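Following: one structure in structure tokens, then a few remarks.
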Amino acid sequence: MATETETTGVRQYGRDAVTRDLLVLLAVPACLVAIHALGSASLRADLALDHADPELAEFLTAAYVHATPRHLWNNVLGFLAGAPMAYMLCLRAGRRRWFHATLGSILVVVPVAVNAANYATLGLWYAGPPPTTSGFSAVVAATGGFVFVALVAWLADLYSRSTATFVGALVLLALVTTFYSVHVDALDPMLVGLLGVSAVLCLLALAVGSDLSIRADADLARHVAVRAVPVALVALLLVTFVVGLFPRETVREGMFVNVYAHGAGFVLGAAIAAGLAPLVED
């Protein structure tokens, strides 16, 4: 059954349906660019979240406006890297409707939730003049969380839950190691050793618990290598997300990079995807 799903997952929806989906994906960054390039400065100011006098709509619209071109392009590139990857994983798992439901929820729920948290937090602890916040970064981070859950869902469908669990744990270890490496002056050999031991234990558990037989077989080796390519690509993408969304220097062009919002976005994206997975079936 897993093999059938894998071979038909991408093809079962038809070229026209996939083309429409990709056009919708492109419409999101096109909207971001249009707002920044065609919208007036006063319009962008109205859409941003003014912490001194917020309007309810601003908790959503603030995500779709950017203060600088660099911020805009970073978010556009991040979305174009993350969302199509999540889409392809969902197609391979035969979960197109799940992708639609999750991405639609992320585009609405994540901006509102993160901006509301920003507003409440800054109101309590920020002593300076009321700031203005904007940007799509939390949504981009949420697509990273979606990519991770989509990878686990695809592996669970293709192999087993145990296989998906151990591969997911390996990817999380890679992300934690990357985050640690970016934010320390010198690597702690003890911690690096613990991470290495954890990775080896995950690999051993994967070898023991996987439903793949372990034998000297060239065809099997090629089969595993082909399946490993999407996992490696997802891991590389998510490592890039960690480096870009959680920089060591949190002030760029005079603006604070809200790494806390990025972390919240990643967790929310993963939670939304995981919560909708059992509720939405193709």
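The values are calculated or read from the model by the stated rules, or taken from the named source; none is laboratory data. Quantities reported herein were computed from a predicted structural model and do not represent experimental measurements. All Cβ positions, glycine included, derive from the backbone under ideal geometry; neighbour counts span all protein chains shown. Keep in mind that these areas ignore ligands, DNA and RNA; they rest on the heavy atoms of the full protein, side chains included. Shrake-Rupley method; radii C 1.70, N 1.55, O 1.52, S 1.80 Å.
Before moving on, here are some points about what is shown:
- Farthest positive-ward along segment 42-183 dipole, Cα basis, beta-carbon charges - from 132, 64, 85: 85
- When peptides 83-93, 167-177 are sorted by average Cβ neighbour count within 10 Å, with the highest value leading, the order is 83-93, 167-177.
- Solvent-accessible area per residue for segment 1-111 (1.4 angstrom probe, square angstrom): 51
- At R0 = 35 Å, FRET efficiency that the Cβ-Cβ distance of residue 161 and residue 19 yields, to 0.05: 0.60
- Modelled spin-label separation between residue 42 and residue 200, with each label point placed 7 Å from Cα along the Cα-to-Cβ direction: 6.7 nm.
- In sequence order, calculated HN-Hα J values of segment 263-268 (Karplus, 6.51, -1.76, 1.60; Hz; x Gly/Pro): x, 4, x, 4, 5, 5
- In sequence order, calculated HN-Hα J values of segment 232-249 (Karplus, 6.51, -1.76, 1.60; Hz; x Gly/Pro): 5, 5, 5, 4, 5, 4, 5, 4, 4, 4, 4, 5, x, 8, 10, x, 6, 8
- q = 0.08 Å⁻¹, segment 15-277: log10 I(q)/I(0) [Debye, one scatterer per Cα]: -0.37
- Multiplying the residue separation of residue 108 and residue 188 by 0.36 nm and subtracting their alpha-carbon distance yields 24.8 nm.
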